[in-house]
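Below: the structure, in structure tokens.
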Amino acid sequence: MRTNVITSEEREKAFAPTKKPDVIERQKLDVRYHVEDYDVDNRPRRFLEAFAAILKHTNYRLALEHFIRVSTKCSRCAVQCPIYQATGDEHDIPCYRSELLLSVYRRHFTVGGSIKGRLTGSGHLTDEKIEEMAESFWNCTACRRCTLECPAGIDHALITHLGRFILSEIGISPRALVVSTREQLEGKTGNTSAIPLPALVDTLEFLEEDIKEEKGVDIKFPLDKENCEFIFIPAVSDFLMEAETLMGIAAVFKATGGSWTISTENYDAINYGLFYSDRILERVIRKLYAESERLNATNILIGECGHASRSAKYYVPVHCGGEKAKPVLNIMEYTYRMLKEGKLKLNPNVITETVTYHDPCNIARQGWIIEQPRYIIKAFCKNFVEMTPRGTENICCGGGGGTVSIDEIRPYRTLVGGKAKGDQIRATGAKYLIAPCANCKKQLRELVEDQKIDCEVVGLHDLIYKAIILDDGQTENQKTNRKG
């Protein structure tokens with residue numbers, strides 16, 4: 001008879017490190033995080049100069065002084081990190097990654113570290129260590145799940161962000177992010193996808209025609225209307241790839257009579273500065289806020305995008321007026337409020353397939369938007385299945401922290417960083433996976449394809465578009481079917 005005693009062989013197998021996937025070794029050969037290769041011989045000096053300037057003009061020093069005085073080597077964060085769980089490599093443990101930068105701060109920016117280094121002649125920053133930091137910081141998805149476990153309260157994602165910020169100041173960043181940001185802030189189109197205004201207008205006119213043809217109702221995308229309650233700014237990629245999300249949002253405003261507009265001068269809420277540069281973060285925030293001022297909108301409404309929502313929600317007050325700044329909402333908050341107030345009606349008989357919901361890290365980890373989308377989903381989806389864990393403890397899609405924009409590391413993102421999320425999705429058996437975030441949608445669509453999961457990734461408003469009920473009590477789908 002089998003007993004509950006665990007044998008030594010079973011224990012050894014359970015705690016044995018995972019074999020590091022071959023895809024990681026191939027990535028090391030193929031991917032280099034270099035935007036510009038100037039002054040290569042003096043990168044350690046340039047790194048320290050950039051670090052010193054950031055310490056002088058920000059409040060990062062306060063956090064670093066705390067972090068270097070507590071342990072960053074207990075490795076309890078490893079149990080929460082989906083990257084480490086997939087690779088079993090100690091270099092992927094969050095506190096190991098944080099120590100890469102903390103050791104530089106301790107050696108070069110504290111009195112004790114400087115004295116010890118000069119006496120022993122050791123601990124100097126080297127080019128090899130800079131290369132290790134570049135690779136390690138961009139392997140992290142910055143999902144902040146590790147903060148749930150750290151007994152010392154160390155924010156490893158903050159340290160990762162600071163490391164990326166310093167590296168970006170010396171020309172070491174993913175090219176995809178830098179090129180997109182330059183177009184957004186300095187290019188002719190003013191957005192990360194380089195969509196010119198005529199193309200935007202044509203797209204919206206096409207969507208209006210599509211809605212009319214499919215649903216038999218006139219729904220408009222208002223442009224440059226002044227004095228509206230909301231200026232609506234989604235991730236610009238929605239205009240290229242998320243037609244039904246946009247149509248669902250327009251239908252919600254039609255049904256609820258909301259006052260909204262889309263700007264023709266800034267129609268991109270993407271803020272890659274959140275991933276790698278505080279300077280870029282501030283510039284994008286100020287640009288976004290200036291457009292809300294130009295149109296005299298009461299509120300700033302961000303579309304289905306996690307990082308765009310988080311960056312606007314938390315940094316508009318920092319850079320644009322403090323408590324007097326315009327409120328920032330995510331579109332799901334508006335839809336939730338309208339549903340609660342009885343101004344939005346959804347047919348519970350349209351979506352019959354099994355549905356599950358992915359919590360984007362940027363709006364769920366701190367407990368901001370968790371129950372609102374679930375309230376909406378349960379109002380019209382009969383077969384809703386939760387993933388486990390969920391909410392504040394959600395597992396990252398695998399493309400967080402801007403890594404989803406780096407197409408060169410797709411195999412790493414979907415097979416390593418997204419392994420745990422793939423297992424979650426597969427376990428639900430869902431037909432529809434709701435992912436209310438532009439980055440998450442891109443990552444999860446690639447993930448289900450690469451992991452061969454039979455599931456369709458959609459936005460929340462994609463399904464709302466199918467089930468919304470208008471004034472006469474019929475869904476638009478029902479109208480179309482009746483006319484057919």
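Of note:
- Entry note, the chain: relative contact order of 15 percent, from Cα contacts under 8 Å with a spacing of 6+ residues.
- Long-range HN-HN contacts of residue 456 with modeled amide H, under 5 Å: 432, 433
- Long-range amide H partners of residue 384 with built H, under 5 Å: 355
- Distance from segment 396-432 to segment 445-471 (C-alpha centre basis), Å: 16 Å
- Estimated [θ] at 222 nm from DSSP helical runs (n ≥ 4, -39500 (n - 2.57)) normalised by residues in the chain, nearest 500: -15000 deg cm²/dmol
- Set 215/254; 421/452; 220/287; 220/431; 56/287 screened for pairs whose C-alpha atoms are more than 19 Å apart: 220/287; 220/431; 56/287
- Sparsely packed loop sites in segment 382-426 (the GluC sites (Glu not before Pro) outside DSSP H, G, I, E and B with at most 14 other Cβ atoms within 10 Å) comprise 386.
- Qualifying trypsin sites (Lys or Arg not before Pro) in segment 93-190, DSSP loop, other Cβ atoms within 10 Å at most 14: 188
- Taking amide H positions as modeled 1.01 Å from N, with prolines and chain starts lacking one, the residues under 5 Å from residue 299 and 5 or more places away or on another chain are 230, 231.
- Of all segments of the chain bounded by chymotrypsin sites (Phe, Trp or Tyr not before Pro) found in a DSSP loop with no more than 15 other C-beta atoms within 10 Å, the longest spans 39-484.
- Take every pair of alpha-carbon atoms less than 8 Å apart whose residues are at least six positions apart; their mean separation over the length of segment 182-469 yields a relative contact order of 18 percent.
Where a number appears in this text, it was derived from the coordinates with a stated rule and is not lab data. For clarity, every value in this text was computed on a predicted model and none was experimentally measured. Here the Cβ is made from the backbone with ideal geometry for all residues, glycine too, and neighbour counts use every protein chain on show.
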